[in-house]
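Here, each number is a calculation from the coordinates, and none is a lab measurement. Since the structure is predicted, the reported quantities are computational estimates derived from the model, not experimental observations. Ideal geometry is used to build each Cβ from the backbone, glycine not excepted, and the neighbour counts take in all protein chains shown.
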């Protein structure tokens with residue numbers, strides 16, 4: 001979805017809604033700061049673990065997972081995270097009927 005935008009506030013609440021570049025505000029919450037999708041392409045580097053742990057918008061689940069991961073072997077964590085991402089992506093697609 002190159003060129004689309006999303007609402008960071010709704011994304012934090014688990015809703016990813018794509019908007020055209022001409023959209024001025026989120027149709028759900030009225031947020032006027034729509035960002036270019038995908039989020040990871042906006043920054044040159046991904047946020048650091050410290051950045052995420054300091055971010056008040058970081059979810060409890062992500063904060064807990066990150067703290068747990070930092071105490072483990074980084075290779076094991078990276079492998080587990082890749083498997084988790086694939087499983088959750090497949091589950092999300094199945095639940096949304098997008099498979």
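Some values worked out for this structure:
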| item | result |
| --- | --- |
| Gain in span if fully extended, residue 81 to residue 23, counting 0.36 nm per residue against the direct Cα distance | 17.5 nm |
| Helix-derived mean residue ellipticity, 222 nm - over the chain, DSSP H n ≥ 4, -39500 (n - 2.57), to 500 | -14000 deg cm²/dmol |
| Anisotropy class of the stretch 47-99 from Cα gyration tensor, a/c 1.5 cut | oblate |
| Principal-axis tilt of helix 60-70 within the chain, Cα atoms, nearest 10 degrees | 40 degrees |
| Residues residue 4 and residue 62, FRET efficiency given R0 of 22 Å [Cβ-Cβ distance, rounded to 0.05] | 0.40 |
| Likely footprinting exposure, 64, 5, fewest C-beta neighbours within 10 Å first | 64, 5 |
| Fewest-first ranking of 83, 77, 28, using other Cβ atoms within 10 Å as the exposure measure | 83, 28, 77 |
| Answer label for log10 I(q)/I(0) by the Debye sum over Cα atoms at q = 0.10, 0.11, 0.18 Å⁻¹ (calculated), chosen among (i) -0.35, -0.43, -1.10; (ii) -0.41, -0.49, -1.05; (iii) -0.32, -0.39, -0.86 | (i) |
| Calculated FRET value between residue 36 and residue 69, using beta carbons and R₀ = 35 Å, to 0.05 | 0.80 |
| For the chain: relative contact order, % (alpha-carbon pairs under 8 angstrom, 6 or more apart) | 20 percent |
